[in-house]
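Colleague: Dropping the structure in here first, questions after.
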Amino acid sequence: CEDGTPLGRRDAALFALLVGCSDPKSGTGFRLPDGEVNAGREAFVRLNCHLCHTVSGEKFATAPVAGVIVVPLGGEVVRVKTYGQLVTSIINPQHIVNPNYKGKYTDAAGKSLMPDYNQNMTVNDLINLVAFLQSRYKLKLPEPAYPMGM
């Protein structure tokens with residue numbers, strides 16, 4: 001410290017916490033502009049996302065491809081997908097593959113079957129896709145563990 005006294009245990013813990021929060025790879029503060037839901041739906045179809053995904057409350061002219069594992073998106077959930085989770089799922093699908101789904105949603109090496117769209121998708125496509133997908137999730141309150149009044 002400036003006065004020459006050593007850092008106390010609490011001060012050292014606080015220092016470690018602050019240093020740990022300065023991870024240069026942190027997504028803190030990252031936010032893209034808001035997108036447009038209808039433009040996101042159009043991008044979803046144009047990028048052929050509907051060939052492997054269904055979206056709650058949406059009907060598309062072309063159904064998912066036969067033999068493809070269909071991944072449902074949207075609907076009632078007890079925890080809504082955050083903006084960051086949706087962006088990550090779209091631009092880095094490998095990041096979220098659960099090891100329990102190896103072989104179902106992955107190839108033999110455990111890599112996500114979702115193609116990499118980063119070379120074919122604009123930033124506008126991305127922000128609009130996220131707006132569209134977020135609009136399709138509805139928060140459902142979980143049932144209480146114990147009935148009220150007991």
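The values are calculated or read from the model by the stated rules, or taken from the named source; none is laboratory data. This structure is a prediction, so every number in the text was calculated from the model and none was measured. With ideal geometry, Cβ positions are generated from the backbone for all residues, glycine too; neighbour counts draw on all protein chains shown. Ligands, DNA and RNA are excluded from the accessible area calculation, which covers all protein heavy atoms including side chains. Shrake-Rupley method; radii C 1.70, N 1.55, O 1.52, S 1.80 Å.
Colleague: Being open to solvent by 50 Å² or more (accessible area, probe 1.4 Å), more than 18 Å from Asn128 (Cα to Cα), within 19 Å of the chain's Cα centre (by Cα) and of a type outside the set (S, T, N, Q): is that true of Val70 here?
Modeller: yes
Colleague: Where residues in segment 91-110 are open to solvent by 50 Å² or more (accessible area, probe 1.4 Å) and hydrophobic (A, V, I, L, M, F, W, C), which of them is modelled with the lowest pLDDT?
Modeller: Here the residue is Ile96.
Colleague: Please work out if Gly35 is in a loop (DSSP other than H, G, I, E, B), at pLDDT below 75 and under 23 Å from Leu86 (Cβ atoms).
Modeller: So Gly35 does not fit the description; no.
Colleague: Identify, by number, the condition in (1) at pLDDT 75 or above; (2) over 13 Å from Leu129 (Cβ atoms); (3) hydrophobic (A, V, I, L, M, F, W, C) that Ala13 doesn't meet.
Modeller: Checking Ala13 against (1) at pLDDT 75 or above; (2) over 13 Å from Leu129 (Cβ atoms); (3) hydrophobic (A, V, I, L, M, F, W, C), the one that fails is (1).
Colleague: Can you tell me which residue is farthest from Val130 (Cα to Cα) among those in segment 73-95 that are without any contact (Cβ under 8 Å) to a residue 12 or more places away in the chain and not in a loop (DSSP other than H, G, I, E, B)?
Modeller: Filtering segment 73-95 for residues that are without any contact (Cβ under 8 Å) to a residue 12 or more places away in the chain and not in a loop (DSSP other than H, G, I, E, B), the one farthest from Val130 (Cα to Cα) comes out as His95.
Colleague: Among the residues of segment 134-146, are any more than 16 Å from His53 (Cα to Cα), within 18 Å of the chain's Cα centre (by Cα) and of a type in the set (Asp, Glu)?
Modeller: Taking every residue of segment 134-146 in turn, none turns out to be more than 16 Å from His53 (Cα to Cα), within 18 Å of the chain's Cα centre (by Cα) and of a type in the set (Asp, Glu).
Colleague: Another one. Since Leu113 meets every condition but one in (1) touching a Phe, Trp or Tyr at 6+ places or on another chain (Cβ under 9 Å); (2) open to solvent by less than 90 Å² (accessible area, probe 1.4 Å); (3) at pLDDT below 90, which condition does it not meet?
Modeller: (2)
Colleague: While we're on this one: Suppose the filter is loosely packed, with under 10 Cβ neighbours inside 10 Å, under 28 Å from Phe30 (Cβ atoms) and over 17 Å from the mean Cα position of the chain (by Cα); does Thr62 pass it?
Modeller: No.
Colleague: Please enumerate the residues belonging to segment 73-90 that are under 17 Å from Asp116 (Cα atoms) and open to solvent by less than 70 Å² (accessible area, probe 1.4 Å).
Modeller: Leu86, Val87, Thr88, Ser89, Ile90
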